[in-house]
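Every read-out reported here was derived from the displayed coordinates using simple, explicitly stated rules and does not represent laboratory data. None of these values were measured; they are calculated from a predicted model. Cβ coordinates were reconstructed from backbone atoms using ideal geometry, including for glycine residues, and neighbour counts include every protein chain displayed.
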Amino acid sequence: DIDIIFFDDERSLILETFKLMQEYPMIVTFNGDNFDLPYLYNRARKLRIEASDNPITVRRDYCMIRNSIHFDAYRFFNQAAIKIYAFSAQYSESSLDAISSALLEEHKIELDKVIGDLTCYELAWYNFWDSKITLQLTTFNDNVTIRLIILLMRLTDMPFEDITRHAVSTWVR
């Protein structure tokens, strides 16, 4: 139950992606700080997309999105305090598959070939499934992840991005 849209060129695809990103108050990624967002940012620069059309700001170790909160689920779920205290050490590895298996009982799609050999539809399904389980990490169990972040924000008087990217030692300080 998803729509697949084909584009004639990469530039149009990225511009549409940027447009869609601006329609949401929160963008949820899994390792978006280290891969997805820097990749999109750099491809846009290479394609000479105007900086004003690119909502992504890349910093040394994180990315921000204009008019949106960026929640990198990998960074949050990788924190020792979150793994141990919030989720009772149900997962030890911080991969999307390990976390979603432990918390959601959902697995990533196992590929029987390299990603470059997938058809457009197989690649779309693979990416959709990763996106779906990444979003579910924020919405499962009556939105427990977002509720926990809001609680930690209130206790520490820190912004969303800092709570989700920094260790408990920073929260205490």
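DSSP assigns beta bridges within segment 1-129; of those with both partners inside it, close to 50 percent run antiparallel. Once the Cα atoms are used to define both axes, helix 120-156 deviates from the longest principal axis of the chain by about 30 degrees.
What longest region of the chain stays clear of GluC sites (Glu not before Pro) that DSSP places outside H, G, I, E and B and that have at most 13 other Cβ atoms within 10 Å?
It works out to 111-173.
Once the Cα atoms are used to define both axes, helix 10-21 deviates from the longest principal axis of the chain by about 40 degrees. What you get for segment 1-121, charging only the Cβ of Lys and Arg (+1) and of Asp and Glu (-1), is a dipole of about 720 debye around the Cα centre. The residues packed around Thr145, meaning those with a beta-carbon under 14 Å from its beta-carbon, carry a net charge of +1 if Lys and Arg are +1 and Asp and Glu are -1.
The H on the amide N of His70, modeled in the peptide plane, is under 5 Å from the matching H of Ile27, Ile65, each at least 5 residues off or on a different chain. If you compute Cα Rg over 2.2 N^0.38 Å for the structure shown, which of (1) 1.19; (2) 1.42; (3) 1.10 do you land on? Computed from the coordinates, Cα Rg over 2.2 N^0.38 Å corresponds to (3). Charge tally around Pro159: other residues with Cβ under 15 Å, Lys/Arg +1 each, Asp/Glu -1 each, net +1.
Net charge in the neighbourhood of Arg59 (other residues with Cβ under 14 Å of its Cβ; Lys, Arg +1, Asp, Glu -1) is -1.
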